[in-house]
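In what follows, a single structure is set out as structure tokens and then discussed.
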Amino acid sequence: MTELGIEVRDLNFSWRSGEKVIKSCSLEVPKGEFWMLLGTNGSGKSTLLRLLVGLLTPESGEIRVLHPVGFVFQNPDHQLVMPTVGADVAFGLVQERLPPAAVRTRVEEALGAVNLLALQRRPIYALSGGQKQRVAIAGALARRCEVLLLDEPTALLDPDSQLELVVSVRRLVKSQGITALWVTHRLDELNYCDGAFLMERGSLVDHGVDTRRLQQRLMQLDNEAS
Ligand SMILES: Nc1ncnc2c1ncn2[C@@H]1O[C@H](COP(=O)(O)OP(=O)(O)O)[C@@H](O)[C@H]1O
Ligand SMILES: [Mg+2]
């Protein structure tokens, strides 16, 4: 049997308003694979990721996710809390009670992996959007995450940094055996994943490794919505 990094069975979730936003969702991502989650605006992608990481509690259903889990938000300004690059990556390690030398090693390894080692002392405000996203990813890597969840990490990036980020995340998760689920609305990114899920009004309506077919289906759904 394939080992799974992420496994969801028959998940349901409603907001307090009663609006049911996750309807009987089931999905599996094999360990070490890089999958994407597509869907029109408001279809429930961010809610599903928040359930996976434990920020929300499901009404019913099962979630199994390898730990630790790293989470990267659409807007890195909502997640980077320390004044400098190195301090921010180290901040995520506070709970691990590592000796200072081990923290330094982890921070350096993680920043090296996202190609930001030279910017360790740089203030966060002096980074580009793509660099900030890489700092957020380094934070997850320093914690040795087994699973990485990314919620539209390229939404605020220009096309060059967008491509750079998806290529480097793919290379990283593949070389480190991390299981990743990347939410996107940008169809060109689909060329870099192992497979994708398509979400529509709270249900997972399609999935597979034939991303071209899923691309076409999403374009159709977008047209119907507009
Ligand atoms: N905090 C919230 N409280 C109530 N409803 C919400 C909240 N966040 C999102 N929603 C609603 O849940 C649905 C799914 O939203 P979301 O998961 O953000 O979709 P997506 O990420 O696919 O755009 C939408 O109808 C949205 O309005
Ligand atoms: Mg969203």
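Scanning the range 14-46 for residues that are surrounded by fewer than 19 Cβ atoms within 10 Å (Cβ to Cβ), away from ligand 2 (no atom under 13 Å from the Cβ) and in a loop (DSSP other than H, G, I, E, B) yields 15, 16, 17, 18, 19, 31, 32. When residue 55 is tested against (1) in contact (Cβ under 8 Å) with a residue 60 or more places away in the chain; (2) within 16 Å of ligand 2 (Cβ to nearest atom); (3) not in a strand (DSSP E or B), just one condition goes unmet, and that condition is (1).
Results for (1) more than 24 Å from residue 160 (Cβ to Cβ); (2) at pLDDT 95 or above; (3) charged (D, E, K, R), shown as yes or no for each residue.
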site: 85; (1), (2), (3): no, yes, no
site: 93; (1), (2), (3): yes, no, no
site: 97; (1), (2), (3): yes, no, yes
site: 101; (1), (2), (3): yes, yes, no
site: 105; (1), (2), (3): yes, yes, no
site: 108; (1), (2), (3): yes, yes, yes
site: 122; (1), (2), (3): no, yes, yes
site: 126; (1), (2), (3): no, yes, no
site: 129; (1), (2), (3): no, no, no
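One line per residue, one yes/no per condition, for (1) assigned to a helix (DSSP H, G or I); (2) among the acidic types (Asp, Glu):
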{"position": "137", "(1), (2)": "yes, no"}
{"position": "149", "(1), (2)": "no, no"}
{"position": "160", "(1), (2)": "yes, yes"}
{"position": "171", "(1), (2)": "yes, no"}
{"position": "175", "(1), (2)": "yes, no"}
{"position": "191", "(1), (2)": "yes, no"}
{"position": "197", "(1), (2)": "no, no"}
{"position": "223", "(1), (2)": "yes, no"}
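Might you let me know whether the range 64-75 holds any residue that is over 29 Å from residue 226 (Cβ atoms), away from ligand 2 (no atom under 16 Å from the Cβ), surrounded by fewer than 16 Cβ atoms within 10 Å (Cβ to Cβ) and within 15 Å of the chain's Cα centre (by Cα)? Yes, there is a match, as at least one residue in the range 64-75 is over 29 Å from residue 226 (Cβ atoms), away from ligand 2 (no atom under 16 Å from the Cβ), surrounded by fewer than 16 Cβ atoms within 10 Å (Cβ to Cβ) and within 15 Å of the chain's Cα centre (by Cα). Any residue at all in the range 153-173 that is outside the structural domain of residue 42 (by TED's automatic domain parsing), in contact (Cβ under 8 Å) with a residue 24 or more places away in the chain, surrounded by fewer than 23 Cβ atoms within 10 Å (Cβ to Cβ) and under 27 Å from residue 44 (Cα atoms)? No: zero hits. One residue is enough: does the range 76-95 have a residue meeting the conditions within 16 Å of ligand 1 (Cβ to nearest atom) and either exposed (fewer than 15 other Cβ atoms within 10 Å of the Cβ) or under 30 Å from residue 122 (Cβ atoms) (or both)? Within the range 76-95, one or more residues are within 16 Å of ligand 1 (Cβ to nearest atom) and either exposed (fewer than 15 other Cβ atoms within 10 Å of the Cβ) or under 30 Å from residue 122 (Cβ atoms) (or both).
Selection of the range 207-216 for residues being in contact with a Leu (Cβ under 9 Å, 6 or more places away or on another chain) and either modelled with pLDDT of 95 or more or exposed (fewer than 15 other Cβ atoms within 10 Å of the Cβ) (or both) yields 207, 208, 212.
Report yes if some residue within the range 40-56 is more than 16 Å from ligand 1 (Cβ to nearest atom) and either in the same structural domain as residue 123 (by TED's automatic domain parsing) or touching a Ser or Thr at 6+ places or on another chain (Cβ under 8 Å) (or both); otherwise report no. Explain how you work it out, then say what you get.
Filtering the range 40-56 down to residues more than 16 Å from ligand 1 (Cβ to nearest atom) leaves none.
Within the range 40-56, none of the residues are more than 16 Å from ligand 1 (Cβ to nearest atom) and either in the same structural domain as residue 123 (by TED's automatic domain parsing) or touching a Ser or Thr at 6+ places or on another chain (Cβ under 8 Å) (or both).
The values are calculated or read from the model by the stated rules, or taken from the named source; none is laboratory data. Keep in mind that what you see is a predicted model, and the values were worked out from it rather than measured. Note that we place each Cβ from the backbone using ideal geometry, even for glycine, and neighbour counts take in every protein chain shown.
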